[in-house]
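Asks: My questions will all concern the structure given below.
The values are calculated or read from the model by the stated rules, or taken from the named source; none is laboratory data. Treat the numbers as computed from the prediction; the structure is a model and nothing was measured. Note that each Cβ is placed from the backbone with ideal geometry, even for glycine, and that neighbours are counted across all protein chains shown. What goes into the accessible areas is simple: the full protein's heavy atoms, side chains included, and nothing from ligands, DNA or RNA. Shrake-Rupley method; radii C 1.70, N 1.55, O 1.52, S 1.80 Å.
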Amino acid sequence: MILVEGIRKSFGKVRALAGIDFAVPAGTVLSILGPNGAGKTTIVRILATLMPPDAGHAEVAGFDVVREPRALRSAIGLAGQNVAIDEHLTGRENLFLVGRLRQLGYREARRQADELVDRFKLVEAAGRPARGYSGGMRRRLDLAASLIGHPPVLFLDEPTTGLDPRGRMDLWEVIERLVADGTTLLLTTQYLEEADRLADSIIVVDAGKVIARGSPDELKAAVGGEQLELSLASASDLAVAARALASVSDAKPQVSSESATVRLPAPGGSATLMEALRSLDEAGVQLEDVVLRRPALDDVFLALTGHAADADTTADEGLDPLDMASADVLEASKPPGRGAVDATVGATSRDTAELASARSWIVAHEGLMQRIKGTAADTRVVMWRNLLRYVRLPNLLVFTTVQPVMFVLLFDFVFGGVIKLVVHGPYIDYLMPGIFLQAVVFGSTQTGIGLAEDFSHGMVDRFRSLPMARVAVLTGRTMADTVRNIFVVLLMTGVGALVGFRIERGVLPAILVVIMAVVFGMAFSWISAVIGLITQDVEAAQAAGFIWILPLTFASSAFVPINTMPGWLQAFSKADPVTVVVGAMRGLLLGGPVATHLYESVAWVVGILVVCVPVTLRLYRRLS
């Protein structure tokens, strides 16, 4: 079900993967072990189509990760290191969202969401927003989301990190049931007892290479027989103890200064134990504890990599890796070739049905019109998700509308008396088109901020691992913000009416003004999207948004006529797109030249979209 041959990946001068090979038969669990920075997550991201390899070949469920990524996403589920759930949706809504983006029908998505809520013991909390969930509940919901659509292959990247022992064991039981049902699982973990319990086979990765492979028992056997672990009363005696024990075993004792322990193989069992105790007693070394036990995966990991599983990638001084002869024995068990893996695809009727369904779905959506319909459907789902955010966070909508209301009151009542002498008419009528545009332009920053927030919560990886139109993540976000802008403009119209604003030239010009404001705001949302994808950080996206919005709005004719500005600023203001669009809107509402400003407004909107939409799509596709 999973085949990896010679995969390589580098990030600049850093080589993450240096030719990885392995295969996973259907219905089995492969665990990838390795220290931090060994390349475990990079392997998962390549197989989940989140990043391309530099070289090599990889297949998942018979689909090539490079040539058939969209088809492959129909056959996989992904639970990454970050819990990828929307905190503002309920647990059931999170699952329904993933189901709809997996191209399930409305009823089927609801049915599977209800089924998984019950399966993962989340029934009581299913109707509450996920932001109130505990860490264990969030992990269970994240894993449940990866199972929507019953994918035959599941990638779990350190799924139990941060859970308490009870939560970890609960998740292990769920994983065991999945495998019993025929799911093929690739698991990365730093909890060696987790791999020991769940894995059929294990590969140990270090510095981007597979340094050992085999079943848990095979790896333990490669380390040797029983192990002797001696805890010293004082860490200052470690060197003395190591010299005293050098004659007890052929292998060099492994010393840990942090825990004040010495480990060495005990091929003679109790006889080795007695000899070690005599040697230490003669050397005057005092002990706190003595343990004689069979080797565990901790011993394998320590011997192979030179440090414990949760240590940094740099080995502690004084620790020697396992003799290379043992590693050669472990490497002798090579993974099956592509033909053997292909023979396992469809080994169970469930896998065959799932893969046939995935292929059928892809074939059915090959046509252009079908692709357009699919993109539109995905856009609606993402838009629904983002609009719910405003419903669940009314303060966000309130704060983004309070600002333009304050501008209306400030400019009209504080500066209006002075500016009336210049505009030769009711200042509020002159001001409101600028307020409309200012409201939607400032609101457009939410697009970039929302995308950056999705990065920090892992939602972008969730979306990119699903068989959905990737552009829908961007179009859905901008469309939701466009709907919000319509609401804000209508609200500002009502606020303006309370302080004297009147629509004198009929309903049609007023409708055109609303359309112009909303369309211009949508164009600026794409600029904001570019910023959000570049920064990938909420605070940075928010700060960067104001850097370009403030000069465009306050150095325009949105609030004051251009001829009241300093001479050096007037040239910039005349070319400012906000000035151009506000001029067209004022012409429609107050009378005056419209055509030139209207043509220029259309040109600005088209120009922004022509530049920013491709840039945004390119940035999104190149995310890694």
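Asks: Measure out, as a whole number of angstrom, how far apart the alpha-carbon centroids of the range 547-586 and the range 486-524 sit.
Replies: Spelled out, the Cα-based centre of one part sits 19 Å from the other.
Asks: What's the FRET efficiency of residue 596 with residue 503 using the Cβ-Cβ distance as r and R₀ = 22 Å, to the nearest 0.05?
Replies: Values: r = 23 Å, r/R0 = 1.03.
E(calc), rounded to 0.05, equals 0.45.
Asks: Which FRET efficiency value, to the nearest 0.05, is calculated for residue 288 and residue 14 with the Förster distance at 41 angstrom and r the Cβ-Cβ distance? List each step's numbers first, then the result.
Replies: Details: r = 42 Å, r/R0 = 1.02.
That gives a FRET efficiency of 0.45.
Asks: Follow-up. Heavy-atom accessible area per residue, the range 71-129, 1.4 Å probe: how many Å²?
Replies: 40 Å²
Asks: By per-residue mean of other Cβ atoms within 10 Å, what is the highest-first order of 479-489, 433-443, 211-221?
Replies: Working: 479-489: 20.8, 433-443: 26.4, 211-221: 19.0.
Per-residue Cβ counts within 10 Å, averaged per peptide and sorted highest first, yield 433-443, 479-489, 211-221.
Asks: If we count every other residue with Cβ under 15 angstrom of residue 589's Cβ, Lys/Arg +1 and Asp/Glu -1, where does the sum land? Don't jump to the answer; show the numbers that get you there.
Replies: Working: positive: 502, 505, 586; negative: 429, 504.
Net charge in that neighbourhood comes out at +1.
Asks: If packing is taken as the average number of other Cβ atoms within 10 Å across a peptide's residues, how do 48-59, 199-210 rank, most packed first? Intermediate values should be presented prior to the final figure.
Replies: Values: 48-59: 18.7, 199-210: 21.7.
Highest-to-lowest ranking by the protection proxy: 199-210, 48-59.
Asks: Related question: To the nearest Å, what is the center-to-center distance of the range 79-107 and the range 30-66, using C-alpha atoms only?
Replies: First find each Cα centre; the distance between them is then 24 Å.
Asks: What net charge is computed for the residues neighbouring residue 483, neighbours being all others with C-beta under 12 Å from the C-beta of residue 483, Lys and Arg scored +1, Asp and Glu -1? Before the final figure, lay out the partial values.
Replies: On the way: positive: 380, 389, 477, 484; negative: 481.
After counting each charged neighbour, the total is +3.
Asks: Return the loop-located GluC sites (Glu not before Pro) in the range 62-135 (DSSP other than H, G, I, E, B) with at most 15 other Cβ atoms within 10 Å of their own Cβ; answer none if there are none.
Replies: Values: sites: 87, 93, 108, 115, 124; in loops: 87, 124.
Sparse-neighbourhood loop GluC sites (Glu not before Pro): 124.
Asks: Sort 546, 413, 455 by accessible area with a 1.4 Å probe, largest first. Provide the component values of the computation, followed by the final result.
Replies: Numbers: 546 75, 413 140, 455 45 Å².
So, going from the largest accessible area down, we get 413, 546, 455.
Asks: Please calculate how many Å² of accessible area the range 534-624 carries per residue, with a 1.4 Å probe and no DNA, RNA or ligand atoms counted.
Replies: Solvent-accessible surface per residue comes out at 52 Å².
Asks: Could you give the length gained on full extension between residue 236 and residue 271, defined as 0.36 nm per residue of separation minus the Cα-Cα distance, in nm?
Replies: Values: separation 35, 0.36 × 35 = 12.60 nm, distance 2.67 nm.
Gain in length upon complete extension: 9.9 nm.
Asks: Say the cut-off is 28 Å between C-alpha atoms; which of 9/373; 220/252; 9/252 go over it?
Replies: 9/373; 9/252
Asks: Another one. Given a Förster radius of 30 Å and the C-beta distance between residue 250 and residue 200 as r, what FRET efficiency does 1/(1 + (r/R0)^6) yield to the nearest 0.05?
Replies: On the way: r = 32 Å, r/R0 = 1.08.
Efficiency at R0 = 30 Å is approximately 0.40.
Asks: Pop out the carbon and sulfur fraction of the accessible area of the range 505-599 as a percent, whole number, probe 1.4 Å.
Replies: Numbers: 3010 of 4160 Å².
Of all accessible area on the range 505-599, carbon and sulfur atoms account for 72 percent.
Asks: Distance from the Cα centre of the range 171-224 to that of the range 434-460, in angstrom?
Replies: One Cα centre to the other: 42 Å.
Asks: Is the shape of the range 481-579 best called rounded, prolate or oblate, per the rule: a/c under 1.5 gives rounded, else a/b larger than b/c gives prolate, else oblate, with a ≥ b ≥ c the square roots of the Cα gyration tensor eigenvalues? Intermediate values should be presented prior to the final figure.
Replies: Numbers: a/c = 2.20, a/b = 1.23, b/c = 1.80.
Verdict is oblate for the range 481-579.
Asks: OK, next. Calculate what fraction, in whole %, of the accessible area of the range 114-236 sits on carbon and sulfur atoms when a 1.4 Å probe is rolled over the protein chains.
Replies: Taking all protein chains in place, the range 114-236 shows 49 percent carbon and sulfur surface.
Asks: Here is a follow-up. Ordered by packing density, taken as the mean number of other Cβ atoms within 10 Å over each peptide's residues, highest first, how do 378-389, 228-239 rank? It would help to have the intermediate numbers written out before the result.
Replies: Values: 378-389: 20.1, 228-239: 16.6.
The packing order, highest mean first, is 378-389, 228-239.
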